[in-house]
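Below is one structure; the comments refer to it alone.
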Amino acid sequence: MRCNQNTIIVDSQVVLVPYRREHVAKYHEWMTSPELQELTASEPLTLEQEYEMQRKWREDEDKLTFVILANEPSTSQSSSTSEPTSATEASWLKDLPMIGDVNLFLKGDPTDEDFEAEVEIMIAEPAYRRRGLAHTVLQLFLSYATSACHHALPAPPSHVHTLPPIPRTALVARIGMHNAPSIALFAKLGFVETKRVEVFEEVEMRWRDPEAGIGMREWKRGEVREVRFSEED
């Protein structure tokens with residue numbers, strides 16, 4: 001989705017950045033893992049297919065994707081890099097380790113009664129699991145997607161589709177019924193089980209209004225910034 005092509009969301013633990021060409025090789029490496037293929041219900045692709053998928057996702061208006069970076073210098077990079085003096089600088093991000101991704105798949109028109117936005121998250125790097133990062137990332141991501149805060153940013157070019165705030169009641173997650181950690185994660189965010197599809201061994205969870213006695217406090221917000229990335233082909 002082009003509306004977030006220059007947007008990052010900054011937190012003390014993580015930084016969410018748009019999925020760009022420089023991320024594809026690492027993503028492809030992750031997706032050779034049978035474990036991640038099973039958890040994400042994905043088929044392995046060639047590297048060239050992954051590059052083509054990244055280009056497609058950048059253009060599609062029904063997908064919102066951020067790559068998750070740990071907000072700490074990578075051990076394989078210089079540790080001297082610090083946050084930029086300019087809020088629009090992006091070069092400092094290259095030293096932060098890539099650890100996963102988070103996605104929103106929009107199904108239907110937001111004005112439709114049956115419109116839904118399916119949420120997915122993957123912490124691909126084992127060293128960063130079980131540290132509460134998925135919970136933090138989802139709060140930052142869902143706060144961004146469901147609020148009007150990103151409309152305070154500079155207006156994108158007229159040919160770029162803008163993302164309206166997503167109603168919380170449209171949020172849905174579909175999780176393997178044996179994936180207890182993910183089910184518990186979404187429950188913490190105010191999602192409840194609404195359906196079980198035995199044939200796919202899948203649980204459907206939807207966000208529910210806390211006024212009905214279900215849900216959580218307001219989600220954590222990150223600092224939303226517009227930065228200058230180099231042009232991609």
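The values are calculated or read from the model by the stated rules, or taken from the named source; none is laboratory data. Computed from a predicted model, the values in this text were never measured in an experiment. We place every Cβ from the backbone using ideal geometry, glycine too, and count neighbours over all the protein chains shown. Protein only, heavy atoms only, side chains kept; ligands, DNA and RNA dropped before computing areas. Shrake-Rupley method; radii C 1.70, N 1.55, O 1.52, S 1.80 Å.
Quick one: how many residues across region 79-98 are over 11 Å from Arg228 (Cβ atoms) and at pLDDT below 60?
Residues in region 79-98 being over 11 Å from Arg228 (Cβ atoms) and at pLDDT below 60: 6 in total.
Can you tell me which of Glu43, Glu29, Glu35 is in a helix (DSSP H, G or I), of a type in the set (Asp, Glu), farther than 27 Å from Gly222 by Cβ and without any contact (Cβ under 8 Å) to a residue 24 or more places away in the chain?
Criteria check complete, one pass: Glu35.
Can you confirm whether region 62-70 contains a residue that is of a type in the set (Asp, Glu), modelled with pLDDT under 95, closer than 23 Å to Leu163 by Cβ and in a helix (DSSP H, G or I)?
No, region 62-70 contains no residue that is of a type in the set (Asp, Glu), modelled with pLDDT under 95, closer than 23 Å to Leu163 by Cβ and in a helix (DSSP H, G or I).
Counting just the residues of region 46-61 that are of a type in the set (Asp, Glu) and assigned to a helix (DSSP H, G or I), which one comes out least open to solvent (accessible area, probe 1.4 Å)?
We begin by selecting, within region 46-61, every residue of a type in the set (Asp, Glu); these are 48, 50, 52, 59-61.
Then keep just the ones that are assigned to a helix (DSSP H, G or I); that gives 48, 50, 52, 59.
On the way: Glu48: 113, Glu50: 10, Glu52: 95, Glu59: 81 Å².
Once the filter is applied, the top-ranked residue is Glu50.
For region 42-69, give me the residue count where each residue is touching a helix residue (DSSP H, G or I) at 6+ places or on another chain (Cβ under 9 Å), within 24 Å of Leu142 (Cα to Cα) and not acidic (Asp, Glu).
Going through region 42-69 one residue at a time, the tally reaches 12.
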